[in-house]
Amino acid sequence: MAESLQFQILSDLDIVMARVEGRNMARELGFGVIDQARIATAISELSRNVMLYAGRGMVTLRPIETPQRRGLEIVCADSGPGIADVNMVMREGYSSRRGLGMGLPGTRRLMDEFEIRSRPGEGTVITARKWLR
């Protein structure tokens, strides 16, 4: 099985690197091209949010396995300002003025599992998983 990868997100180049390596990992794990694109897009969106709202953070990509299935997990963590109202940012149609993409609800739709832990003033950790079909 592929090894875990970790990327410090400080610039657009870091976002591109995480996206490319995430797609490569998805391919190695046996995901089809559509799911590879979904995973790469989710990595881009989450990493871009780190840059926009926290300035810096970490993205970890890891293969995951249970007795029943295999998949890929994305963990995106920052020590930024946090999200004051997680329910609001997860509403369809919500947009911050700084947002560029599909937002967190769109990213959630791309993945099979999606969790946010955030505390104002302490940062945010988002974990997303995609399972092989």
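One table, with the values for the structure above:
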{"item": "When residues of the range 103-126 are limited to those that are acidic (Asp, Glu) and in contact with a Gly (Cβ under 8 Å, 6 or more places away or on another chain), the one modelled with the highest pLDDT", "result": "112"}
{"item": "Residue check for residue 41: modelled with pLDDT of 95 or more, assigned to a strand (DSSP E or B) and of a type in the set (S, T, N, Q)", "result": "no"}
{"item": "Output for the range 1-11, where each listed residue is modelled with pLDDT of 95 or more and farther than 8 Å from residue 57 by Cα", "result": "4, 5, 6, 7, 11"}
{"item": "Subset of the range 57-72 [part of a loop (DSSP other than H, G, I, E, B) and in contact (Cβ under 8 Å) with a residue 24 or more places away in the chain]", "result": "69"}
{"item": "Some residue of the range 2-13 being assigned to a helix (DSSP H, G or I) and over 16 Å from residue 126 (Cβ atoms)", "result": "yes"}
{"item": "Conditions (1) at pLDDT 95 or above; (2) out of contact with any helix residue (DSSP H, G or I) (no Cβ under 9 Å at 6 or more places or on another chain); (3) surrounded by 18 or more Cβ atoms within 10 Å (Cβ to Cβ): number failed by residue 54", "result": "(1)"}
{"item": "Contacts under 7 angstrom Cβ, first residue in the range 30-56 being touching a residue at least 24 places away in the same chain (Cβ under 8 Å) and farther than 13 Å from residue 104 by Cα, partner aliphatic (A, V, I, L, M) and assigned to a loop (DSSP other than H, G, I, E, B), 6 or more apart", "result": "30/132; 31/132; 56/10"}
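The values are calculated or read from the model by the stated rules, or taken from the named source; none is laboratory data. This one's a predicted model, so the numbers in the text were calculated from it and none came from an experiment. Reconstructed Cβ throughout: ideal geometry from the backbone, glycine too, with neighbour counts over all protein chains shown.
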